[in-house]
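Only one structure is covered here, and it is reproduced in the block below.
Values in this text are rule-based calculations from the coordinates and carry no lab data. Since this is a predicted model, take the numbers as computed values, not measurements. Ideal geometry is used to build each Cβ from the backbone, glycine not excepted, and the neighbour counts take in all protein chains shown.
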Amino acid sequence: EVQLMESGGDLVQAGGSLRLSCAASGSTIEDYYIGWFRQAPGKEREGVSCIAGSAGSTYYAEAVKGRFTISGDLAKNTVYLQMNSLKPEDTAVYYCYANDFQNGYWGQGTQVTVSS
């Protein structure tokens with residue numbers, strides 16, 4: 001079983017950058033698909049990006065493609081989401097998610113607020 005802890009959320013002006021971290025414990029990230037989801041006020045949770053620890057495949061939602069980059073650091077057992085050119089519509093609680101092909105695990109979320 002893996003435990004996930006997100007960090008890095010903050011208040012930033014439009015056009016700025018943030019790097020979110022998802023630190024995993026209890027298991028290596030190599031054994032999981034790791035993804036980022038977000039949920040804005042009054043909206044449903046949506047997928048943002050994911051990476052396969054074993055295969056290295058990545059996915060990006062169209063709304064963030066070209067602006068966000070997902071990466072992993074095996075030595076730190078951490079997955080990152082680098083967010084550049086942030087827009088007010090990126091404002092949401094961002095959640096880390098891990099899937100081992102049988103079960104899913106969620107972090108508690110980190111708030112990202114982008115001001116106009």
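With Cβ to Cβ distances under 11 Å as the rule, what net charge do the other residues near Ala63 carry (K, R +1; D, E -1)?
Here the charged neighbours net out to 0.
Check the cysteines of the chain one by one and keep only those with no other cysteine Cβ under 4.7 Å from their own.
When partners are defined as cysteine Cβ atoms under 4.7 Å apart, the chain leaves Cys50 without one.
With a bin width of 5 angstrom, please list the P(r) values of the chain as percents of all Cα-Cα pairs, from the 0 bin to the one holding the largest distance.
2, 13, 24, 26, 19, 10, 5, 1, 0
Could you work out the relative contact order of segment 54-116, using alpha carbon pairs under 8 angstrom and six or more residues apart, expressed as a whole percent?
24 percent
In whole Hz and in residue order, list the ³J(HN,Hα) couplings for segment 68-81 that follow from phi through the Karplus curve 6.51 cos²θ - 1.76 cosθ + 1.60, θ = phi - 60°; x for Gly and Pro.
Once rounded to whole Hz, the list reads 10, 9, 9, 8, x, 10, 5, 4, 9, 6, 9, 10, 10, 10.
Can you give the charge dipole size of the chain about its Cα centre, rounded to the nearest 20 debye, using +1 on the beta carbon of Lys and Arg and -1 on the beta carbon of Asp and Glu? Please report the intermediate quantities before stating the final value.
On the way: 8 positive and 12 negative charges, 71 e Å.
Rounded to the nearest 20 debye, it is 340 debye.
Please compute the contact order of the chain in relative form: average sequence separation of alpha-carbon pairs under 8 Å and at least six residues apart, divided by the residue count, as a percent.
The normalised contact order for the chain reaches 36 percent.
For a label point 7 angstrom out from the Cα of Arg67 toward its Cβ, which stretches of segment 76-116 have the backbone nitrogen within less than 19 Å?
80-96, 110-116
Please identify every one of the GluC sites (Glu not before Pro) in segment 28-95 that sits in a loop by DSSP and has no more than 12 other beta carbons within 10 Å of its own beta carbon. Each step should come with its number before you reach the end.
On the way: sites: Glu30, Glu44, Glu46, Glu62, Glu89; in loops: Glu44, Glu62.
Sparse-neighbourhood loop GluC sites (Glu not before Pro): Glu44, Glu62.
Given 0.36 nm per residue, what is the gain on full extension from Ala40 to Gln111 after removing their alpha carbon distance, in nm?
Between Ala40 and Gln111, full extension yields an extra 24.6 nm.
Summing Lys, Arg as +1 and Asp, Glu as -1, what charge do residues with Cβ under 11 Å from the Cβ of Val93 carry, Val93 excluded?
Details: positive: Arg38, Lys43, Arg45; negative: Glu6.
Taking every Cβ under 11 Å from that of Val93, the sum is +2.
Let me check I've understood the local charge: for Ala23, count other residues with C-beta under 12 angstrom from its C-beta, Lys and Arg +1, Asp and Glu -1. What total comes out?
Once positives and negatives cancel, what remains is -1.
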